[in-house]
Amino acid sequence: MTDTDIMLYIHIPFCVRKCSYCDFLSQPAGKDIQENYVDVLCRQMEETKDKAVGLPVSSIFFGGGTPSLLTGMQIGKILEVIRANYTLTEDCEISMEMNPGTVNPADLELYKKAGINRVSLGLQSMQPEELKMLGRIHTAQKFLESYEMVKKAGFTNVNVDLMMGLPGQSWEALGDTIEKIVAIAPEHISLYSLILEEGTKLYKEYADSDTLLTEEEDRALYHKACELLQKAGYEQYEISNFARPGFSCRHNEGYWRRRPYLSFGIGAASFFEEQRWNNTSVLKDYLRGDFTPQDHEALTEQDAMEEFMFLGLRTLKGICEDEFTRCFEEDFREVYGEAVDRLLAEGLVQERERSGSCWLSCTKEGLDLNNYVCGAFLLD
Amino acid sequence: MSEVDQSRIRNFCIVAHIDHGKSTLADRIIEKTGLLTSREMQAQVLDNMDLERERGITIKAQTVRIIYTAKDGKEYILNLIDTPGHVDFNYEVSRSLAACEGAILVVDASQGIEAQTLANVYMALEHDLEVFPVINKIDLPSAHPDEVKEEIEDVIGLEAQDAPLVSAKNGIGIEEVLEAIVEKVPAPAGDPDGALQALIFDSIYDSYKGVIVFCRLKNGRIKKGTRVRMMATGAEAEVVEVGYFAPGQFIPCEELTAGLVGYFTASIKNVKDTRVGDTVTDAERPCAEPLPGYKKVQSMVYCGIYPADAAHYSDLRDALEKLQLNDASLKYEPETSIALGFGFRCGFLGLLHLDVIQERLEREYDLDLVTTAPGVIYKVFKTNGECIELTNPSNLPDPSEIEHMEEPIVNAEIMVSTEFIGPIMQLCQERRGRYLSTEYIETTRALLKYELPLNEIIYDFFDALKSRSRGYASFDYELKGYEPSKLVKLDILINHEQVDALSFIVHADGAYDRGRKMCEKLVNEIPRHLFEIPIQASVGGKIIARTTVRAMRKDVLAKCYGGDISRKKKLLEKQKEGKKRMRQVGSVEIPQSAFMSVLKLDNDD
């Protein structure tokens, strides 16, 4: 990766059915709408290409929704358009989210051929009752079959998404899920603590339930899970992300290191030349070819400093204080010394020497209180 | 206007229990006499404030002149003075009554007589007003006008057989009401050529004209150039403008003569110079004696009002100053709290008054406030013979210096359906009430009389009364006096530091219960910190209740990818903003909602 690398994100907002915890932009849709959507996506990518002239793309991410609802042909077409309009680095990481039960060998082969080289499977749990609670469309068995298919198709970089902190969840259940996944040895595991988002089905059912875990219970599960994953050879590199050495997700790392990204598809967020904006989140408008940036925000130097901190501090490695000084041409200590000292005293951050530079990162306690820590880096 | 014929003037007001349709009737009368077309009518013309319209209550007395051609073919000047219905604003009512010769008593055809109906009638009779009843809401299916008429005759002793039957809402019977006014309300007495003698019944401040004085002329006349003297304050000024009231506006006129209701301006800068109840006279030809004034208003309820953001202290002071110009019953003086910083101790007529002022400050002046628990005025008799009137619990002397304390007691009348007598009596018992009597109005309704400590009814008595009677009880009270009582100061300690703004005075027997409830409430209001925070209630240094805010263990977002970044930033900013608005007590940050939450302790659980 070089300093000029950028990333692309492609949002596929279609699902077989909405999960009970999901507040993303996604919905079931017919084949013809999907086809139409792919065409518009391609048009947006063509229209945007001028921005990226001379900037190599080192990561592409198909997120959703369920991107695997698109056929191999459709994914192939999108990547073709990207290649025709953008310059990809040789080792470009091209990730695609898939849902168990929505994959088949034929399409997988086409995805592979099209250039997909990393697969992220949304599993969430191996416990039948938990899958049911989450409103997932697949069983644990179905996942194992899909996983097998993915491996057979030749994918050598696979992530499995898991979820923890479900209402009433015991360590037995979570530990069992993790052990079963560790046993099939994917390269990467994401473990997300459930957030009850207002307006979701799960929220309605559980917001007032006494089976909701307390903060203490949630953290106890999380700490045990981190330990178990660590023991199994997965290094934690961010709050919710674990990988075998060399397999951290380049795309997500890019978000936390403020690498620029252009995004295509409804509701997708872009970050480019210190500006942030979103695509329209109305499918109808997007299909009409409305690519007007929404919620456009030009970041000030101060915004950039704050982001540098609150994004970087999600990673276990943390932020490099010297890099901050270099980037912003202001002494890190001068800007944040007071906040750092307070957090050091509270035991929430630590400073460590790493190849001649000073790095600031969250302690284990600091990770659990990441919002509190990051809040300290907002400037007046 | 040429010389007004005094025999064609009628000054009247409308009294009623809250919700019996007083303001609606006033609207119809105004509409009927053609002052406004119905298109121009906004519902409840006389309720000027947004707040009044929204809540359907009248807060400030309003006045309007109506010209009515009666069936006898003659033109009459009717001065209608609309009065507030709520018990808190009795003070406003009594002021208005003094400006009238007659009162329309509105009684709801299905509800019949209520506690405030009685209170208002007695007040009107005390002022020697001619009172005649009107039965309203006869269009309701539940209306039983004949029984209500009988009730009026039996309970109040007013002739009611020929009372107009009205539906103010539907404009039925308004003509008869107007005729009854002409017929039954006496024309004002008084000598237009005598020495000027006018009663100030209200005043408001206008930034262009200065103080606008509302008055009722008893004798003499007033016009531009008259040099007036306020007899109590001694202030003198030259009249710039006189006039009368149209809905929502002032109509200047040549002069006001005996019997009329109107206003004058005289470039008076200070509202304090024109005290309500004072008598205005002609400085060059003064009258011999002032008119009997009103009782001075007594603040019944006190609380601390603080700006949520300390930087807005001076905005709050300006706002209070302006509000007081139009509401002389509002009292305030600066005070400081360790927890809340600079603010004001404010005195109110009652809890609704407090509520109204607080809402006006927030809405009309765009202020964000923190209010402390309302309290009453306690008398503290010290061992050195001194007696202090305590309005702020923090100022309570050391117990060793206190000989004894007294608290205000009210005489309360509660009108209730007989089926709810049990629960209501129980409620009064719980609130340390002393039972006086039960009078049966009819077989299904009774008037309960109790003596109640004022501090037991200022919080949520109305709500409790309504819920225990399914809305069928009404309530009125008046101050009886002070009585010795076993009172203690309940303090709240957060992380071992006493929070002065949360202290209050309570009867010793209720301290434990109250302390426990406050601790339980606060534990949910104080955000988790990095450390555990004990919340304790104490009386005289002894801890009587405790809860604990556990240390914060989780404050983290599971995901932060491309689309989440702006959202995360907003979340952090919101948290930071929230923190800024919190009050720091020791190492604990307390949100303003915590101070407010203890105002609403539900006594039913």
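Observations on the model:
- MRE, 222 nm, helices only [DSSP H, n ≥ 4, -39500 (n - 2.57), over chain A, to nearest 500]: -12000 deg cm²/dmol
- A:D3 paired with A:E215, simple spin-label distance in nm, labels 7 Å along Cα-to-beta-carbon: 4.1 nm
- Distance in nm between pseudo-label sites at A:E145 and B:K269 (7 Å out along the Cβ direction from Cα): 9.1 nm
- A full extension of the chain between A:K152 and A:E323 corresponds to an added length of 57.3 nm, given 0.36 nm per residue minus the alpha carbon distance.
- Euclidean distance between Cα centres, segment B:396-411 to segment B:145-197, Å: 47 Å
- Using the Cβ-Cβ distance between B:E577 and B:D128 with R0 set to 60 Å, the FRET efficiency from 1/(1 + (r/R0)^6) comes to roughly 0.50.
- Estimated [θ] at 222 nm from DSSP helical runs (n ≥ 4, -39500 (n - 2.57)) normalised by residues in chain B, nearest 500: -7000 deg cm²/dmol
- Here segment B:367-422 is assigned +1 on the Cβ of each Lys and Arg and -1 on the Cβ of each Asp and Glu. Its dipole about the Cα centre then comes out at about 20 debye.
- Here the protein assembly as shown is treated with +1 on each Lys and Arg Cβ and -1 on each Asp and Glu Cβ, and its dipole about the Cα centre works out to around 1900 debye.
- A simple rule links phi to the HN-Hα coupling: the Karplus curve 6.51 cos²θ - 1.76 cosθ + 1.60 with θ = phi - 60°, which for segment A:30-35 gives x, 4, 5, 5, 4, 4 Hz, with x for Gly and Pro.
- Kirkwood hydrodynamic radius of chain B, from inverse mean 1/r over distinct Cα pairs, in Å: 26.7 Å
- Across chain A, C-alpha contacts under 8 Å between residues 6 or more apart give a mean separation that, scaled by the residue count, equals a relative contact order of 14 percent.
- Considering only GluC sites (Glu not before Pro) in DSSP loops that have at most 14 other Cβ atoms within 10 Å, the longest stretch of chain B without any of them is B:41-158.
- Against the main long axis of the alpha-carbon atoms of chain B, helix B:115-126 sits at an angle near 50°.
- Along the axis of the charge dipole computed for the protein assembly as shown (Cβ charges of +1 for Lys and Arg, -1 for Asp and Glu, origin at the Cα centre), the listed residues B:L354, B:L323, A:F264 are led at the positive end by A:F264.
- Euclidean distance between Cα centres, segment A:172-202 to segment B:246-262, Å: 79 Å
- Fraction of beta bridges assigned by DSSP in the protein assembly as shown that are antiparallel (%, nearest 5): 75 percent
- Neighbour counting of Cβ atoms within 10 Å sorts the residues A:M309, A:M98, B:M123, fewest neighbours leading, into B:M123, A:M309, A:M98.
- When the GluC sites (Glu not before Pro) in segment A:174-219 are filtered for DSSP coil states and for at most 11 other beta-carbon atoms within 10 Å of their beta-carbon, the remaining sites are A:E198.
- Distance (nanometres) between label positions extended 7 Å along Cα→Cβ at A:D39 and B:S437: 9.0 nm
- Residue among B:V549, B:T443, B:G277 farthest towards the positive dipole end of chain B, charges placed on Cβ: B:V549
- 15 Å tail of the calculated P(r), segment A:283-380, as % of Cα pairs: 64 percent
- Taking the longest Cα principal axis of chain B as reference, the axis of helix B:565-580 is set at about 80 degrees.
- Förster-model FRET efficiency, 35 Å R0, B:F531 and A:D285, C-beta, rounded to 0.05: 0.10
- Low-density loop cleavage sites - GluC sites (Glu not before Pro) in segment A:241-320, where at most 15 other Cβ are within 10 Å (DSSP): A:E273, A:E274
- Sparsely packed loop sites in segment A:1-91 (the trypsin sites (Lys or Arg not before Pro) outside DSSP H, G, I, E and B with at most 11 other Cβ atoms within 10 Å) do not occur.
- Square roots of five times the Cα gyration tensor eigenvalues for segment A:123-232, Å: 25, 17, 11
- Of B:H17, B:H507, B:H404, the sequence from fewest to most neighbouring Cβ atoms within 10 angstrom is B:H404, B:H507, B:H17.
- Dipole axis of the protein assembly as shown (+1 Lys, Arg; -1 Asp, Glu on Cβ), positive-most option in A:L134, A:A52, B:T265: A:A52
- Computed on segment B:368-423, with alpha-carbon pairs under 8 angstrom and 6+ residues apart, the relative contact order is 33 percent.
- Span from the segment B:344-383 Cα centroid across to the segment B:508-548 one, whole angstrom: 24 Å
- Were the residues from B:A246 through B:I402 laid out at 0.36 nm apart, the gain over their Cα-Cα distance would be 50.6 nm.
- Efficiency of FRET between B:E483 and B:E386 - r from beta-carbon atoms, R0 22 angstrom, step 0.05: 0.65
- C-alpha long axis of helix B:421-430 to longest principal axis of chain B, angle in °: 50 degrees
- Descending semi-axes in whole angstrom, ellipsoid equivalent of the protein assembly as shown, from the Cα gyration tensor: 71, 33, 29
- The relative contact order of chain B, computed from alpha carbon pairs under 8 Å that lie at least 6 residues apart in sequence, is 10 percent.
- Stokes-Einstein diffusion of chain A at 20 °C, 1.002 mPa s viscosity, Kirkwood radius from Cα pairs, rounded to a whole number: 98 µm²/s.
- Length added when fully stretched, A:A207-A:T363, from 0.36 nm per residue minus Cα-Cα: 53.1 nm
- By the Cβ rule of 4.7 Å, chain A holds the following cysteines without a possible disulfide partner: A:C15, A:C42, A:C92, A:C226, A:C249, A:C320, A:C327, A:C358, A:C362, A:C374.
No lab work stands behind these numbers, since they all come straight from the coordinates. Small disclaimer: the values here were computed from a predicted structure and weren't measured. Positions of Cβ are generated from backbone atoms using ideal geometry, with glycine treated the same way; all protein chains shown enter the neighbour counts.
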